[in-house]
Ligand SMILES: [Zn+2]
């Protein structure tokens, strides 16, 4: 799993010249196992943690309809890479929009488009 996630990360990081770092861990890291929305340019994935979160969260299952549970870590990484792309395009705008939507995470357009990016890209990594 770690090898596959690293390969996927490296592809997008170099293709889009993101300059990000990746931390993949079996352990629980961060709140959601996702991206740190700051200027660290770091994506952290707790790849077991995201599967646990998926099992417990109907909202997460709804968001990832049609995606197999074994692909959830890949989906999560691609989702975070989607955010990294948006953030690289316009960091100030990204953080402003993100802060504005923080409370109502579920309908956040930044989350919806990161999900769309992940769904569009995941078929390339089967
Ligand atoms: Zn997100």
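Where a number appears in this text, it was derived from the coordinates with a stated rule and is not lab data. All of these numbers come straight from a predicted model, not from anything done at the bench. A quick note on method: Cβ atoms are made from the backbone with ideal geometry, for glycine too, and the neighbour counts reach across all protein chains shown.
Once every DSSP H run of n ≥ 4 in the chain is given -39500 (n - 2.57) and the sum is divided by its residues, what mean residue ellipticity at 222 nm do you get, rounded to the nearest 500 deg cm²/dmol? Mind dumping the intermediate values first?
Values: 6 runs with 73 residues, N = 126.
Computed ellipticity for the chain at 222 nm equals -18000 deg cm²/dmol.
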### For the chain: relative contact order, % (alpha-carbon pairs under 8 angstrom, 6 or more apart)
22 percent
### Query
So how do 74, 6 line up by other beta-carbon neighbours within 10 Å, fewest first?
6, 74
